[in-house]
Amino acid sequence: MSAIASSTVPDAHGHFGPYGGRYVPETLMHPLQELEAEYFRSQQDPEFQGELQYYLRQFCGRPTPLYFAERLTRDLGGAKIYLKREDLLHTGAHKINNAMGQILLAKRMGKTRIIAETGAGQHGVATATVSAMFGMKCVIYMGAVDCERQALNVYRMKMLGAEVVSVTAGQKTLKEAVNEAMRDWVTNIRSTHYILGTAYGAHPYPIMVRNFQRIIGDEARRQILEQEERLPDLLIACVGGGSNAIGLFYPFLDDTSVKMVGVEAGGRGIEPEQHAARFQGGSLGVLQGTRSYILQDENGQIQLTHSVSAGLDYAAVGPEHAWLRDKNRVEYTYATDDKALAAFLKLARLEGIIPALESAHAIAEVIERAPKMSKENLIIVNLSGRGDKDVAQVVDKIKL
Ligand SMILES: *Cc1c(COP(=O)(O)O)cnc(C)c1O
């Protein structure tokens, strides 16, 4: 086994080299240790794994297809492009993979109440969905600004029986929603599990979320071997907190011939407060329980971020990505709002698939790279979600 995917990372305290760890108030240490212990027990428990597989298949809609994008491939004139269709999952994105895993864990731990944070609302919807399904009380924390921008998702969560708490502190967005969720968790720890939505936060969340999402890459690896009888040359995924990307990448980390590119949000360009590309303008710091690359000013104040896609609009990136970047195993780049919007429309027109704006960032990178590759090369791009949620958002940005 190569050094990359081996179990030496994270270490027992959740460190990926200098990244990761558990930077939380004392009151959260014990609950996180309890969660970690129960999570690792569940990993070894065939009954838990069987239950998870059952719901992923029967409720979420797995496995998702690995679809050959024939017209996009022809249009770009280079590498053969395959789309991993996470957009076809129930609730429209990969987030349900993790929400399902964590709620089964919560049930196993005897919890009766679920909380979560959400930015765009996608993780909130996935969490409200699995909570309804298992009859658990559900509270979703969402910044007041996001509640306004994503009114439809707020209503959707309420329809599913969740309480949505509009957070009015600070910039009134995702960062503040996470703070509120952590506060709630400390207060209600006995009854409550916190379903964190991405490969971020205090140990064991980054490794746990990655493992619940690695099904994307496990399936894609099996499918490409079936369909092409060989491994892909390149994997591409967008990177918010990093869960859909690490989910695709992880099962291929030991395949040295497979290159990988993570695409962050370049927003209006790499100027302070105009983007969310942590590896472009960020530096090492601690935010919300973990150590990673963060967009901050020289005093350690978290900077404002911007992206046309709310799901990529966060000031920090998951610690495992920072480590994979140091190892030169994954390359990180960015796509601007304009390029993502162009890719959004191109995929709709050529393939009949409206991607999530987040996923459109990955498609934008495919548009850059595929033409420069040979027709024998294979690309797998993670289509992390569908774009129905973004239609209202793009109406005044794409003139038709
Ligand atoms: C939330 C979201 C993302 C970004 O989150 P990651 O944890 O980086 O995957 C990407 N795509 C879609 C469709 C999302 O909903």
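The values are calculated or read from the model by the stated rules, or taken from the named source; none is laboratory data. Please read these numbers as outputs of a predicted model, since none were measured by experiment. Please note: Cβ atoms are built from the backbone with ideal geometry, for glycine as well, and neighbour counts cover all protein chains shown.
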Out of the residues in the stretch 227-281 that are of a type in the set (S, T, N, Q) and more than 16 Å from the chain's Cα centre (by Cα), which is nearest to A340 (Cα to Cα)?
-> Q274
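Matching residues to (1) in contact with a His (Cβ under 9 Å, 6 or more places away or on another chain); (2) closer than 19 Å to G201 by Cβ; (3) among the β-branched types (V, I, T); (4) crowded, with 19+ Cβ neighbours inside 10 Å:
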| position | (1), (2), (3), (4) |
| --- | --- |
| G242 | yes, yes, no, yes |
| G281 | yes, no, no, yes |
| L284 | no, yes, no, no |
| R291 | yes, yes, no, yes |
| A310 | no, yes, no, yes |
Looking at the stretch 365-392, which of its residues are surrounded by fewer than 17 Cβ atoms within 10 Å (Cβ to Cβ) and under 20 Å from Q122 (Cα atoms)?
-> D388, V391, A392
When the stretch 252-272 is examined, which residues are found to be touching a residue at least 60 places away in the same chain (Cβ under 8 Å) and more than 13 Å from the ligand (Cβ to nearest atom)?
-> L253, D254, T256, K259, M260, V261, G266, G267, R268, G269, I270
Return the residue satisfying two criteria in turn: it lies in the stretch 207-233 and is among the hydrophobic types (A, V, I, L, M, F, W, C) and buried (at least 18 other Cβ atoms within 10 Å of the Cβ), and of such residues it is farthest from the ligand (Cβ to nearest atom).
-> I224
Within the stretch 308-328, identify whether any single residue is within 30 Å of P10 (Cβ to Cβ) and part of a strand (DSSP E or B), and answer yes or no.
-> yes
All but one of (1) under 24 Å from Q44 (Cα atoms); (2) modelled with pLDDT under 95 hold for R149, so report the exception by its number.
-> (1)
Residues in the stretch 182-206 that are closer than 18 Å to A316 by Cβ, of a type in the set (A, V, I, L, M, F, W, C) and surrounded by fewer than 24 Cβ atoms within 10 Å (Cβ to Cβ) total 2
Run A362 past the list (1) within 13 Å of the ligand (Cβ to nearest atom); (2) free of Cβ contacts under 8 Å to residues at least 60 places away in the same chain; (3) surrounded by 23 or more Cβ atoms within 10 Å (Cβ to Cβ) and report the number of the one that doesn't hold.
-> (2)
Flagged in the stretch 14-56 as part of a loop (DSSP other than H, G, I, E, B) and touching a Gly at 6+ places or on another chain (Cβ under 6 Å), in numbering order, are G14, V24
Residues of the stretch 108-166 satisfying the condition of being out of contact with any Phe, Trp or Tyr (no Cβ under 7 Å at 6 or more places or on another chain), crowded, with 24+ Cβ neighbours inside 10 Å and among the β-branched types (V, I, T) | I114, T118, V125, T127, T129, V130, I140
Please work out if R108 is without any contact (Cβ under 8 Å) to a residue 12 or more places away in the chain and either in contact with a helix residue (DSSP H, G or I) (Cβ under 7 Å, 6 or more places away or on another chain) or away from the ligand (no atom under 16 Å from the Cβ) (or both).
-> no
Collect the residues in the stretch 76-105 that are acidic (D, E) and either surrounded by fewer than 24 Cβ atoms within 10 Å (Cβ to Cβ) or away from the ligand (no atom under 13 Å from the Cβ) (or both), keeping them in residue-number order.
-> D87
Kindly provide the set of residues from the stretch 312-359 that are surrounded by fewer than 21 Cβ atoms within 10 Å (Cβ to Cβ), within 16 Å of the ligand (Cβ to nearest atom) and among the polar types (S, T, N, Q), ordered by number.
-> T333
For the stretch 72-89, enumerate the residues that are under 20 Å from S309 (Cα atoms) and either hydrophobic (A, V, I, L, M, F, W, C) or part of a helix (DSSP H, G or I) (or both).
-> L83, E86, D87, L88, L89
Members of the stretch 111-137 that are hydrophobic (A, V, I, L, M, F, W, C), part of a helix (DSSP H, G or I) and within 11 Å of the ligand (Cβ to nearest atom) = V125, A126
